[in-house]
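Chemist: Below is the structure I would like to discuss, written out as structure tokens.
The values are calculated or read from the model by the stated rules, or taken from the named source; none is laboratory data. Quick caveat, the model's predicted, so the values are computed rather than measured. As a convention, Cβ positions derive from the backbone with ideal geometry for all residues, glycine included, and neighbour counts pool all protein chains shown. All accessible areas refer to the heavy atoms of the entire protein, side chains included, with ligands and DNA or RNA removed. Shrake-Rupley method; radii C 1.70, N 1.55, O 1.52, S 1.80 Å.
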Amino acid sequence: MKKGLLIAVSAAVLSLVGCKKSESGNKSIIKTDSSETVITDNNGKIDSITQSSSTTEVNGQKTEKTDFVYKATDGTLVKVVFKNDPKENTVAITSNKKTFTLPKTETKDGETVYKKDDMTARVKGDSLHLEQGNNVIELKRTKI
């Protein structure tokens, strides 16, 4: 009886000590994830189409990534990730297992332009206008 009680108490103590969460590690990196982010558009209304967002802080500098799903006129779904960090702002467009990353070049009249080589992405509101050579693709932000 005493052996059984001793084993049960030992197992309980070991499980409490073994499950202690370690708080050690690099203290200068803070990562915050959220499955839902509230973003407002120009008129102050809440934009509920955001799929996910994360903010990472390294040495006081924040990097924010926001993922959206866009739908082409032919029904194809495209993943679009906007990344804002202290060094650069980019958009990564993924479709058919290919990803194109374009740096931000300008913002005017509520339209943001991302450009690299012969590819240009123009983002205004919920629409993304993608141009590559003679090809033009119209994308609209959507929910899955």
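Chemist: Can you name the residue in segment 96-124 that is under 14 Å from Val80 (Cα atoms) and outside any strand (DSSP E or B) and is also least open to solvent (accessible area, probe 1.4 Å) among such residues?
Modeler: Asn96
Chemist: Of the residues that sit in segment 40-91 and are within 10 Å of the chain's Cα centre (by Cα), open to solvent by less than 60 Å² (accessible area, probe 1.4 Å) and modelled with pLDDT of 90 or more, which one is farthest from Asn135 (Cα to Cα)?
Modeler: My answer is Thr66.
Chemist: Additional query: Quick one: Ser127 ticks every box in (1) open to solvent by 100 Å² or more (accessible area, probe 1.4 Å); (2) free of Cβ contacts under 8 Å to residues at least 24 places away in the same chain; (3) within 14 Å of Phe68 (Cβ to Cβ) except a single one, so which number is it?
Modeler: It is condition (1) that Ser127 fails.
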